[in-house]
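So that we are looking at the same thing, I have put the structure below in structure tokens.
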Amino acid sequence: MIAILIALMICLPLFAVARLALFPTENVWPHLISTVLPHYVFNTLVLMAGVALGTLVIGVSTAWLVTHYDFTGRRVFVWALLLPFAVPAYVIAFVYTELLEFSGPVQSMLRSIFGWQSAADYYFPKIRTLGGATIMMVLVLYPYVYLLARSAFLEQSASLLEAARVLGQPKGRSFFTISLPLARPAIAVGVAMALMETLNDFGTVDYFAVHTLTAGIFDVWQNMGNLSGGAQISCLLLMFVLLLLFLERFGRKHQKQFLPTSSRFRSMQRVRVTGWQNAILFLCCAIPIFLGFIIPFIILTDYSIRYFEISWTEEFRETATNSLLLSAVAAVIAVGLGVFLAYSARIKKSRLLQACTRLASTSYALPGVVLAIGILIIFAALDNTIDSFMRDYFNVSTGLLFTGTVFVIIFAYVVRFLAVAFGSVESSLAKITPSMDMAARSLGQKPSTMLWHVHIPLMRSGILTALLVVFVDCMKELPATLLLRPFNFDTLATHVYQLASDELIEQSALAALLIVLTGLIPVILLSLTLDRGRTLIHKQQ
């Protein structure tokens, strides 16, 4: 029953959005179709295509290079290529806008060097464009593809390439004819996850004035005051999400078919390169790290130090405390629910339970803005029902008990990131052999006590990882927080967004740097476990 309630917790916001879209209080759908909707869809498709292409090229190429070649800095690049994971797209957008705009240091330096007086004297590409937004997202989302592509390349046996060479396949074409097709399912999953993050993004597209479906939901709801229109656009956005979710599930389903057998697997020997080839490979791996992490980190650190006295205020400390407490509470609740679902599915084989857990594992695909609309509809209706009941029977007005409270934000965080917690916990639980359960039961342990005395101690690392990852994701979440937060209540994400929107990038740097430093936690965990996991797999094989 609790598993069903958890599944309903995820479904209710979607049902609420769909119901309002189908039965709107004011139907503006024909007006949207004839005016702004085609523009929203076109920009969204172009943005998705650009991000897919960019993350594919950078992620796959760097994964192939660090896996199959030995060159200067390779051991550092293996984990350093994950560093852009720590930088939210909206943060890097604010940084590069400050860096590259007309009044920024880059153009100012060019004018001083060449003696230019105004923008009419030279051409410099504008950063606040659809292309600029695409580049910003590519720089921080390519690690999705890199991580999964590298794992797929590591699991490919050297005997495959050697057999192809024996059969006359040129060495230079083996990547395109053998390795890349075998890694295709994993790459498809990485691209789908990057595109889901693209659809969820609001800070970047709003700051760059790029009218995508996500920005359109905000515009129709907040500026036009039409929640029904926002719900209708949300349903269209969900169609894009469902297609990506299908792509990801399809990739994961077929990924198992390409795993090597124990009798045929042999690790690849990396090729040592020198001279100009070594320099090219070094630059290919260094440039994404430099652009996606090092430059933003240096600029944020510099601004944080120079404007520390202005930024370090009572308001900032209160905002940081809000973020830490909200993220910690949401992480504990999400991981607790994730443990319950994963353990329930382990001890009770039920189709209904499996369906509920499968549904819970898809919650990460919900864009924050769509989730916020659904939650607002639900709790506004609940508040109005309670208030009406109290007025009718007790002549007392309760007002808004849930809407615009911290509870609603925590609820949104838990629904959005439950899948992250569930995935990590389920992976750790799967490593515990069924014989451990049988031994515990034979010694008199009940299923409830067995979880506390046997499984949780063995799952400590997985639970800790889930807590940290969910905590960091909550710290970075912007769209849902922006829409659901109480009045005069900010988190670090909304604090950065508001100051940057007011062109106060320098004052937002300290909060942005704290978000980035927090985001380094899962990156460090990934870098520590990636090679360790591959080594254990190869030893077993």
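Being part of a helix (DSSP H, G or I), without any contact (Cβ under 8 Å) to a residue 24 or more places away in the chain and under 27 Å from Phe240 (Cβ atoms) narrows it down to one residue among Arg358, Arg317; which is it?
From the options Arg358, Arg317, the qualifying one is Arg358.
Okay, moving on. Being out of contact with any Phe, Trp or Tyr (no Cβ under 9 Å at 6 or more places or on another chain) and under 10 Å from Ile4 (Cα atoms) is the filter; apply it to the stretch 346-358 and report the residue that is surrounded by the fewest Cβ atoms within 10 Å (Cβ to Cβ).
Per the criteria, the residue is Leu352.
Give the residue that is nearest to Val205 (Cα to Cα), with candidates limited to residues of the stretch 104-161 that are assigned to a helix (DSSP H, G or I) and polar (S, T, N, Q).
This residue is Thr134.
Just checking, does the stretch 471-489 include any residue being surrounded by fewer than 21 Cβ atoms within 10 Å (Cβ to Cβ), without any contact (Cβ under 8 Å) to a residue 12 or more places away in the chain, on the phi > 0 side of the Ramachandran plot and assigned by TED's automatic domain parsing to the domain that holds Tyr343?
yes
Residue check: is Thr97 touching a Lys or Arg at 6+ places or on another chain (Cβ under 9 Å), under 21 Å from Val210 (Cα atoms), of a type in the set (Val, Ile, Thr) and modelled with pLDDT of 85 or more?
In short, yes.
Being out of contact with any strand residue (DSSP E or B) (no Cβ under 8 Å at 6 or more places or on another chain), in contact (Cβ under 8 Å) with a residue 24 or more places away in the chain, more than 22 Å from Asn488 (Cα to Cα) and loosely packed, with under 14 Cβ neighbours inside 10 Å, is that true of even one residue in the stretch 389-410?
Looking through the stretch 389-410, none of the residues is out of contact with any strand residue (DSSP E or B) (no Cβ under 8 Å at 6 or more places or on another chain), in contact (Cβ under 8 Å) with a residue 24 or more places away in the chain, more than 22 Å from Asn488 (Cα to Cα) and loosely packed, with under 14 Cβ neighbours inside 10 Å.
Any residue in the stretch 7-18 that's closer than 19 Å to Gly229 by Cα and touching a residue at least 40 places away in the same chain (Cβ under 8 Å): show its pairings with residues that are among the polar types (S, T, N, Q) and crowded, with 20+ Cβ neighbours inside 10 Å at Cβ separation under 6 Å, as long as the two are six or more apart or on different chains.
That search, which allows pairs on different chains as well, returns Val17/Ser234.
Does Ala345 satisfy being under 30 Å from Ala194 (Cβ atoms) and over 25 Å from the mean Cα position of the chain (by Cα)?
So Ala345 fits the description; yes.
A further question on this structure: Answer yes if at least one residue in the stretch 439-446 is of a type in the set (Lys, Arg), outside any loop (DSSP other than H, G, I, E, B), more than 23 Å from Ala328 (Cα to Cα) and out of contact with any Asp or Glu (no Cβ under 7 Å at 6 or more places or on another chain), and no otherwise.
Looking for residues that are of a type in the set (Lys, Arg), outside any loop (DSSP other than H, G, I, E, B), more than 23 Å from Ala328 (Cα to Cα) and out of contact with any Asp or Glu (no Cβ under 7 Å at 6 or more places or on another chain), one finds at least one in the stretch 439-446, hence yes.
Restricting the stretch 76-92 to residues that are touching an Asp or Glu at 6+ places or on another chain (Cβ under 9 Å) and aliphatic (A, V, I, L, M), which is farthest from Val516 (Cα to Cα)?
Among residues in the stretch 76-92 that are touching an Asp or Glu at 6+ places or on another chain (Cβ under 9 Å) and aliphatic (A, V, I, L, M), the one farthest from Val516 (Cα to Cα) is Val78.
From Gly225, Gly229, which residue is farther than 30 Å from Tyr69 by Cα, out of contact with any strand residue (DSSP E or B) (no Cβ under 6 Å at 6 or more places or on another chain) and without any contact (Cβ under 8 Å) to a residue 12 or more places away in the chain?
Testing whether each residue is farther than 30 Å from Tyr69 by Cα, out of contact with any strand residue (DSSP E or B) (no Cβ under 6 Å at 6 or more places or on another chain) and without any contact (Cβ under 8 Å) to a residue 12 or more places away in the chain leaves just Gly225.
Given the conditions (1) in a helix (DSSP H, G or I); (2) surrounded by fewer than 21 Cβ atoms within 10 Å (Cβ to Cβ); (3) more than 19 Å from the chain's Cα centre (by Cα); (4) among the aliphatic types (A, V, I, L, M), report the number of the one that Ala209 does not fulfil.
If we test Ala209 against (1) in a helix (DSSP H, G or I); (2) surrounded by fewer than 21 Cβ atoms within 10 Å (Cβ to Cβ); (3) more than 19 Å from the chain's Cα centre (by Cα); (4) among the aliphatic types (A, V, I, L, M), just (1) comes out false.
Scan the stretch 426-450 residue by residue and report those that are within 20 Å of Leu464 (Cβ to Cβ) and surrounded by fewer than 13 Cβ atoms within 10 Å (Cβ to Cβ).
Scanning the stretch 426-450 gives Ala430, Lys431.
The values are calculated or read from the model by the stated rules, or taken from the named source; none is laboratory data. Keep in mind that what you see is a predicted model, and the values were worked out from it rather than measured. Ideal geometry is used to build each Cβ from the backbone, glycine not excepted, and the neighbour counts take in all protein chains shown.
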